[in-house]
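The values are calculated or read from the model by the stated rules, or taken from the named source; none is laboratory data. Computed from a predicted model, the values in this text were never measured in an experiment. In this analysis, Cβ positions are derived from the backbone assuming ideal geometry, glycine residues included, and neighbour counts consider all displayed protein chains.
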Amino acid sequence: MTTLYSWNVNGLRAVLKNGFMDWFSQVQPDILCLQETRLLPEEAPTELCPPAGYDVFWNPAEKRGYSGTAVFTKIAPDSTTTLGIPEFDSEGRAQLLHFKDFTLVNTYWPNSQSKRNRLPYKLSFCSAIDKELASLVKKGRNVIICGDYNIAHREIDLARPKSNENNAGYYVEEREAMTTFLDNGFVDVFRHFHPETVGYTWWSYRTRARARNIGWRLDYHCVNTALLPQVQQVTLHDDVLGSDHCPVSIQLKGSKKKRKAKAS
């Protein structure tokens, strides 16, 4: 089995103060994808030392203290890339790790913001992701795309859909964009395995939303349909604290070859 975790940590510095390294050392997934890291690699705190056997690949935003993604992996990728689109690369929105059996896309999808201020940027990102993934699948690659999508796709994916129809993350335009993405040959693995299960991955810090489980499911693993039979399990780890999001994990069948790679 290969275990892949994804977690929007809402700032690595902040989550380090809330037991992140203890959690990481205990869980030790094969691959850990982080979003909203909010730091440059050279700014990483000294205590951010992964357990032995991991390599780290950073994809920071140009703006300090903003956005960014990172991957800690025991399995060496053959190569790593970004989308190659400056408006998204400059915010550290997506990193692609090409492994022998699949390409892993770690993503932090833009927030559309109030009054749809960044909705055009968000929809452009959705389109760019669609195009990139379609190209990979056409080349015969299997694809896993994980991260914080900043979209609650269906009514079941948030506690109060009616009152949030005009709020970022549930605008009809972004829900339709995700439907288009899935219709193009991808599967939301949590919803596939748990079609009627209510489960959330993000809770507002306001009004004790997490304690009352007034949440949204914004964090996903999606795979192309050909890879779906390899997915054995998907779990929302809503008992793990430290961020306003919780980790999400999947398990894949198959052997894994662990070897050291050069970190970047």
If you go through region 173-182 one residue at a time, do you hit one that is without any contact (Cβ under 8 Å) to a residue 12 or more places away in the chain, part of a helix (DSSP H, G or I) and under 14 Å from SER127 (Cα atoms)? yes
Identify the residue in region 211-239 that is in a strand (DSSP E or B) and β-branched (Val, Ile, Thr) and, among all such residues, is surrounded by the most Cβ atoms within 10 Å (Cβ to Cβ). VAL223
Which residues, taken from region 240-264, are at pLDDT 95 or above, part of a loop (DSSP other than H, G, I, E, B) and either at positive phi or not small (Gly, Ala, Ser) (or both)? VAL240, LEU241, GLY242, ASP244, CYS246, PRO247
Residue check for ILE156: in a helix (DSSP H, G or I), more than 30 Å from THR73 (Cα to Cα), modelled with pLDDT of 95 or more and of a type in the set (A, V, I, L, M): yes
Got a sec? Which of THR235, THR225, THR201 is farther than 27 Å from SER112 by Cα, in contact with a strand residue (DSSP E or B) (Cβ under 9 Å, 6 or more places away or on another chain) and among the polar types (S, T, N, Q)? THR225
Looking at GLY254, is it more than 24 Å from VAL9 (Cα to Cα) and in contact with a Ser or Thr (Cβ under 6 Å, 6 or more places away or on another chain)? no
Between a residue in region 139-166 that is surrounded by 19 or more Cβ atoms within 10 Å (Cβ to Cβ) and any residue that is among the acidic types (Asp, Glu), which pairs come within a Cβ distance under 6 Å, given they are 6 or more apart or on different chains? ASP148/ASP219; ILE151/GLU174
How many residues of region 117-131 are in a helix (DSSP H, G or I), among the basic types (Lys, Arg) and surrounded by 15 or more Cβ atoms within 10 Å (Cβ to Cβ)? The answer is 1
Considering only region 23-35, state which residues are part of a loop (DSSP other than H, G, I, E, B) and closer than 12 Å to VAL71 by Cα. PRO29, ASP30
Please determine whether any residue of region 132-152 is assigned to a helix (DSSP H, G or I) and either over 25 Å from THR225 (Cα atoms) or of a type in the set (Gly, Ala, Ser) (or both). yes
Just to be sure I understand the filter: pairs with C-beta atoms under 8 Å, separated by 6 or more residues or on different chains, first member in region 43-58 and without any contact (Cβ under 8 Å) to a residue 40 or more places away in the chain, second member surrounded by 13 or more Cβ atoms within 10 Å (Cβ to Cβ) and part of a loop (DSSP other than H, G, I, E, B). Which pairs pass? PRO51/GLN28; TYR54/LYS74
Within region 240-251, considering residues that are in contact with a strand residue (DSSP E or B) (Cβ under 6 Å, 6 or more places away or on another chain) and more than 15 Å from ARG217 (Cα to Cα), the one surrounded by the fewest Cβ atoms within 10 Å (Cβ to Cβ): GLN251
With region 44-105 as the region, which strands (runs of 3 or more DSSP E) entirely inside it contain at least 1 residues that are within 14 Å of LEU32 (Cβ to Cβ) and not β-branched (Val, Ile, Thr)? 55-59, 69-73, 94-98
